[in-house]
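Colleague: Sharing a structure below in structure tokens format, with a few things to ask.
Every number here is computed from the coordinates shown, using simple stated rules; none is lab data. Predicted, not measured: the structure shown is a model, and the values here were computed from it. Every residue, glycine among them, receives a Cβ derived from its backbone with ideal geometry; neighbour counts consider all protein chains shown.
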């Protein structure tokens, strides 16, 4: 997919509204910590046993979400006995989740909504498990990170036998991109890694938001090349005193990096080309950029 030109923040510095789906995800993320309080205030909490029963009936809910089925088809699709399929459909009928039409069980509107929520819950729990190495690293800031857009993301871990796998994945995506934007709590790549700096100084149009001391380190290591890249308009650097984690926006994918505080090495890199994740990344980057300071040419001398 191709990204559109940078969206301009609104007058109050916030990024412009996103798609309705993204806005709903963001609003839900903002309110998650208060959901228990809101449910308690409403005085109508769902019984734990009912929640468990709904999850246990996920297979039949999912099957019926695809199409109405008769009892024999339910038995075949789920590989269950006649007695089990009868128990499933009886429970669903008691809850008002299905109705029988022309001999087939069909989800009601309520049943469809419950099926969708159960599948969303399963997807999010699975995603949390897959992204656990990243979430454990950025846990203090993960409220800014929405799990749902990364349900099918590629997760690259640093392994004892190959500790550089995440940075190698990052570099492979960078080498395929004509334009790169991002922010980071440390250097995007180790200063000694010439391949990365060759890319950002000479080959990829780059805009990076970094902590002030990270920019200073870059100019101490590559004084001439960094200044030349900035003078040519090939590299734009901005600074911000606080950043939540590492974000990378490539031509066709976006990625999140988690780093080891002690070594500064990338421990995990999660990337995806999902449109909703790309939109989320654009929104986050726009917000961070709006709250950063451009590095003037005189600052680099």
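Colleague: How much length is gained on full extension from residue 198 to residue 39, taking 0.36 nm per residue of separation minus their Cα-Cα distance?
Modeller: Gain on stretching residue 198 to residue 39: 51.8 nm.
Colleague: Let me ask something else about it. Going by average Cβ density within 10 Å per residue, which order do the peptides 37-44, 238-245 take, highest to lowest? Can you show the working numbers first?
Modeller: Working: 37-44: 8.9, 238-245: 15.6.
Result, highest mean Cβ count within 10 Å first: 238-245, 37-44.
Colleague: So if I restrict to the alpha-carbon atoms in the chain, what is the Rg, and what is Dmax, the biggest pairwise distance, in Å?
Modeller: 24.4, 79
Colleague: In addition: Quick one: grab the alpha carbon gyration tensor of segment 63-166, order the square roots of its eigenvalues as a ≥ b ≥ c, and give me rounded if a/c is under 1.5, else prolate or oblate depending on whether a/b is larger than b/c.
Modeller: Prolate, since a/c reaches 1.5 and a/b exceeds b/c.
Colleague: When DSSP beta bridges are limited to those with both residues in the chain, what percentage is antiparallel, rounded to the nearest 5? Each step should come with its number before you reach the end.
Modeller: Values: 25 of 35 bridges.
So the antiparallel bridges in the chain amount to around 70 percent.
Colleague: Per Stokes-Einstein, at 4 °C and 1.567 mPa s, what whole-number D in µm² s⁻¹ belongs to segment 46-120, with the Kirkwood radius over Cα pairs as the hydrodynamic radius?
Modeller: Estimated diffusion coefficient is 107 µm²/s.
Colleague: List the relative contact order of segment 110-268 as a percent without decimals, with contacts defined as Cα pairs under 8 Å and 6+ residues apart.
Modeller: The normalised contact order for segment 110-268 reaches 26 percent.
Colleague: Further, regarding this structure: Rounding to the nearest 10 and keeping the result within 0 to 90°, find how far the Cα-based axis of helix 165-175 lies from the longest principal axis of the chain.
Modeller: For helix 165-175, the angle is close to 70 degrees.
Colleague: Cα centroids of segment 95-110 and segment 180-258: how far apart, whole angstrom?
Modeller: 56 Å
Colleague: Between residue 227 and residue 168, what's the calculated FRET efficiency when r is the beta-carbon distance and R0 is 25 Å? Round to 0.05.
Modeller: Efficiency for this residue pair is about 0.30.
Colleague: Compute the helix-to-body angle for 109-130: its Cα long axis versus the longest principal axis of the chain, expressed 0 to 90° and rounded to tens.
Modeller: Here the helix axis deviates by roughly 40 degrees.
Colleague: Moving on to the next point. Over the chain, what relative contact order in percent results from Cα pairs under 8 Å that are six or more residues apart? Can you show the working numbers first?
Modeller: Working: 404 pairs, mean separation 61.3, N = 301.
Relative contact order of the chain: 20 percent.
Colleague: List 289, 100 from most exposed to least, where exposure is judged by having the fewest other Cβ atoms within 10 Å.
Modeller: By the 10 Å Cβ count, ascending, the order reads 100, 289.
Colleague: OK, next. Let me have the relative contact order for segment 46-120, percent, based on Cα pairs under 8 Å that are six or more residues apart.
Modeller: Relative contact order comes out at 35 percent.
Colleague: Using a Förster distance of 30 Å, how high is the FRET efficiency between residue 157 and residue 79, based on the Cβ-Cβ distance and rounded to 0.05? Intermediate results must be reported in sequence, preceding the final value.
Modeller: Details: r = 34 Å, r/R0 = 1.15.
The computed FRET efficiency comes out at 0.30.
Colleague: If I fit a long axis through the Cα atoms of helix 82-94 and take the longest principal axis of the Cα atoms of the chain, what angle between them do I get, 0 to 90°, rounded to 10?
Modeller: Taking Cα atoms only, the helix is inclined about 80 degrees.
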